[in-house]
Amino acid sequence: MNDGAALLRLAGVHTHIGRYHILHGVDLAVRRGRLTMLLGRNGAGKTTTLRTIMGLWRRSAGEIAFDGAPIGALDTPDIARLGIAYVPESMGIFGQLTVRENLLLATGPKGFDAARLDDVMGLFPALRQKWHNGAGSLSGGQKQMLAISRAIIEERRLLIVDEPTKGLAPAVIQLLIDAFLRLKQTATTILLVEQNFHMARSVGDEVAVMDDGRVVHAGAMADLAADEALQRQLLGLSLASHQ
Amino acid sequence: MRRGAGRRPLDWLLSGDRPGGRVLSLLLLAVLLGLAFAPFLFPGTRPLGVAARICIFIVLAASYDIMLGYTGIASFAHTMFFGMGAYGVAIALAKLPVGWDAVLLGAAAGVALAALVAILIGLLSLRVRAIFFSMITLAVASFALILATELRDLTGGEDGLTFSVPRLLTPGFRLAAEPVLGVRLDGRLVTYYLIFVLSLALFLAMLRIVNSPFGRVLQAIRENEFRAEALGYRTLVYRTLAGALSAALAALAGAMMALLLRYNGPAVTLSFDVMVDILLMVVIGGMGTLYGPVLGAVVLVMAEYYLQPAMAALSRSLAGWPVLPVLFHPDRWLLWLGVLFVLIVYFFPAGIVGSLRRQAR
């Protein structure tokens, strides 16, 4: 992968969680204005990679650079303030706050930008009706929509999303695919972890595949989507079974 | 979608945080009116003292709720901050010429010390796991209790300090020669209304704080600290600020207690019994609601003052029955208070306010 235009770059990143060595030298480049898929089997280290980028786990070796500047030693709030939005795996909403309050948490002191709010609500109209409802009372799909909405309610330089389709119905997954396709039109840089290969193929520009705490393949998503043998080799799946 | 435009005065006053539900609203209105007209509805020194204590404990328990209910931090040092405010006023009035400047100076010193100590505790220990933080606060509170007992020259030791208050607050002061509606307008009444107005103002201010962007962040931190950090919030700073704010408010409650009693000692404001009372008020009333501590304070203070006489009356009326008069003997009031709490927690697991709100939905 040509990473000359990389907004985010990981070089030889190792992460230990307690006495467990999870990441074994991750090399990854996320290019500006592109949607990069991070794929891999369960336990490959995808979520740990995202959490390490966000400073939620500390890297034990290697470099993480955002827009050319090292961020590996920064605290999570400082990383977020660089314009990196993170949607964690388990629908990272605050269930005891309302939809409105969840979104307000991610805005600046001036509150909502009306035009931006309309754009975001345009992506997920279902949230409009739930504006003053407790976020905990939303369906799984709506919670995921809220989590993504909160990540983009302010302009961000990089959006990191961890398995947004996990446990969701096919209709909701399609809604999320449409939302990501529309987000791509705004040239938002996105790093997306996903198990659903149909979604990955639908929205991904680039792909990096992880196995055993390393990136074992990086390239164009279209190339991987077209190469069934490579899919089987890297992911142990066939495209036909994920149509 | 926007709610803020054209807000009604009540919404403005309550910061848009209405109690929720008719029963709860009526209960809170009854408490407000009961306290506002307590001197006229329940004449006498004892009922007035009970009403004043309810006001003070509403502030104290609500300020603790900012820590426990809104931020998710279990601290056992809240009585220490309560004591700092009380000792601030007590020492100032005992050592300086009696006057409002001494009251203000003592209260300000108590509030400042409480906020400073809370910031230090927060910065030094909020990074550790919740249970260790709780243990640290317990140790610090115990240390403060020992310190207050040992520094006899300053605090009066275990005997505490008895002091005079400004003339306006003394029982001998007369606002008017003739009683109004049968109530003497004396310094006790002035003291009560000073406490009532201050408590109401502080409660409304707390409502404003928890419904502000700052309060929203506290609630987010309570729910998931890591998610809040991933949104760019320095959780340690927010939690420390919440602790300092909560401590300052507790110190103000302590200052009011000192003015009410014209005495302060370790047993009154620093003992672990007071801490247990605060915890019970918040849990029984409902955590994370602010209205919960209001009802919790009413239930607990009333129970502490009136359960024993009520049991005495019940025991007398059951004379001649087997076992029952002994069971309801006033000496067993603590047993029944415990039973009452168990029942409340069993039937209202989310606290009185939480349960009433759930029913109202």
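Would you pull out the residues with amide H under 5 Å of A:LEU7's amide H, same chain only if 5 or more places away, H placed 1.01 Å from N?
Long-range HN contacts for A:LEU7: A:VAL30, A:ARG31, A:ARG32.
Enter the angle in degrees (range 0 to 90, nearest 10) between the Cα long axis of helix A:114-123 and the first principal axis of the Cα atoms of chain A, meaning the one along which they spread out most.
Around 60 degrees separate the two axes.
Which net charge results when you count Lys and Arg as +1 and Asp and Glu as -1 among the other residues whose beta-carbon is under 15 Å from that of B:LEU337?
-3
Starting from the Cα of A:ASP223, move 7 Å in the Cα-to-Cβ direction to define the label point; list residues of region A:186-212 whose amide nitrogen is under 13 Å from there.
Once the point is set 7 Å along Cα→Cβ of A:ASP223, A:206-209 turn out to lie under 13 Å by backbone N, inside region A:186-212.
Enumerate the amide H contacts of A:ILE160 below 5 Å, restricted to partners 5 or more residues apart or on another chain; note that Pro and chain-start residues carry no placed amide H.
Those qualifying (amide H under 5 Å, at least 5 residues apart or on another chain) are A:ALA85, A:TYR86, A:VAL87, A:LEU191.
Where a ≥ b ≥ c are the square roots of the eigenvalues of the C-alpha gyration tensor, would you call chain B rounded, which needs a/c under 1.5, or, failing that, prolate if a/b is larger than b/c, or oblate?
Here chain B falls in the rounded category.
HN-Hα J couplings of region B:344-357 from phi, Karplus 6.51/-1.76/1.60, θ = phi - 60°, integer Hz, Gly and Pro as x?
5, 5, 5, 8, 10, x, 8, x, 4, 5, x, 5, 5, 5
In whole Å, what is the distance between the alpha-carbon centres of region A:40-110 and region B:168-246?
Computed from Cα coordinates, the inter-centre distance equals 35 Å.
Could you give the distance between the Cα centres of region B:271-293 and region B:107-144, to the whole Å?
19
To the nearest 20 debye, what charge dipole does chain B have about its Cα centre, counting +1 at the Cβ of each Lys and Arg and -1 at the Cβ of each Asp and Glu?
It works out to roughly 1180 debye.
About the Cα centre of the protein assembly as shown, what is the dipole size in debye to 20, counting +1 per Lys and Arg Cβ and -1 per Asp and Glu Cβ, all else neutral?
It works out to roughly 1120 debye.
Suppose every K and R has +1 on its Cβ and every D and E has -1 on its Cβ; what is the size of the dipole of chain A about the Cα centre, in Debye to the nearest 20?
440
Return the long-range amide H neighbours of A:HIS16 (sequence gap of 5 or more, or a different chain), with a cut-off of under 5 Å between placed amide H atoms.
Answer set, sorted by chain and number: A:ILE22, A:SER60.
Whole-Hz Karplus ³J(HN,Hα) for region A:176-183, in order, using 6.51 cos²θ - 1.76 cosθ + 1.60 and θ = phi - 60°, x for Gly and Pro?
With the stated coefficients, region A:176-183 comes to 5, 4, 4, 5, 5, 5, 5, 4 Hz.
With the cut-off at 1.5 for a/c, could you classify region B:1-77 from its C-alpha gyration tensor as rounded, prolate or oblate?
Note, shape of region B:1-77 comes out oblate.
Would you mind getting me the FRET efficiency between B:LEU41 and B:LEU204? Use the beta-carbon distance for r and R0 = 30 Å, nearest 0.05.
Here the calculated transfer efficiency is 0.85.
Got a sec? Charge dipole of chain B, +1 on Cβ for Lys and Arg, -1 for Asp and Glu; which of B:LEU334, B:VAL31, B:LEU123 is way out at the positive end?
The residue sitting farthest along the positive end of the dipole is B:VAL31.
Quick one: grab the alpha carbon gyration tensor of the protein assembly as shown, order the square roots of its eigenvalues as a ≥ b ≥ c, and give me rounded if a/c is under 1.5, else prolate or oblate depending on whether a/b is larger than b/c.
Prolate is the answer for the protein assembly as shown, as a/c is 1.5 or above and a/b outweighs b/c.
Which length gain, in nm to one decimal place, applies between B:ALA177 and B:SER142 when the Cα-Cα distance is subtracted from 0.36 nm times their residue separation?
7.8 nm
Given points 7 Å out from each Cα along the Cα-Cβ axis, report the A:HIS132 to A:GLN174 separation in nanometres with one decimal.
3.4
Along region B:54-62, what does the Karplus equation 6.51 cos²θ - 1.76 cosθ + 1.60 (θ = phi - 60°) give for ³J(HN,Hα), rounded to whole Hz, x for Gly and Pro?
With the stated coefficients, region B:54-62 comes to 4, 4, 5, 6, 4, 5, 5, 5, 5 Hz.
What distance in nm separates the two pseudo spin-label positions at A:GLN96 and B:LEU120, each 7 Å out from Cα along the beta-carbon direction?
3.0
Springs between alpha-carbon pairs under 10 angstrom, Gaussian network model over chain B: which of B:ASN211, B:ASN264, B:ASN224 fluctuates most?
Of the options given, B:ASN224 has the highest mean-square fluctuation.
For region B:38-289, build the charge dipole from Cβ charges (+1 Lys, Arg; -1 Asp, Glu) around the Cα centre, then report which of B:LEU204, B:MET281, B:ALA108 sits farthest towards its positive end.
Value computed over the given set: B:LEU204.
Report the label-to-label distance for B:ARG316 and B:SER271 in nanometres (one decimal), using points 7 Å from each Cα along the Cα→Cβ vector.
Computed distance between label sites B:ARG316 and B:SER271 equals 2.7 nm.
What is the Rg over Rh value, at two decimals, for chain A, using alpha-carbon atoms and the Kirkwood definition of Rh?
0.95
No lab work stands behind these numbers, since they all come straight from the coordinates. Worth saying up front: this structure is predicted, and the values here are computed from it rather than measured. All Cβ positions, glycine included, derive from the backbone under ideal geometry; neighbour counts span all protein chains shown.
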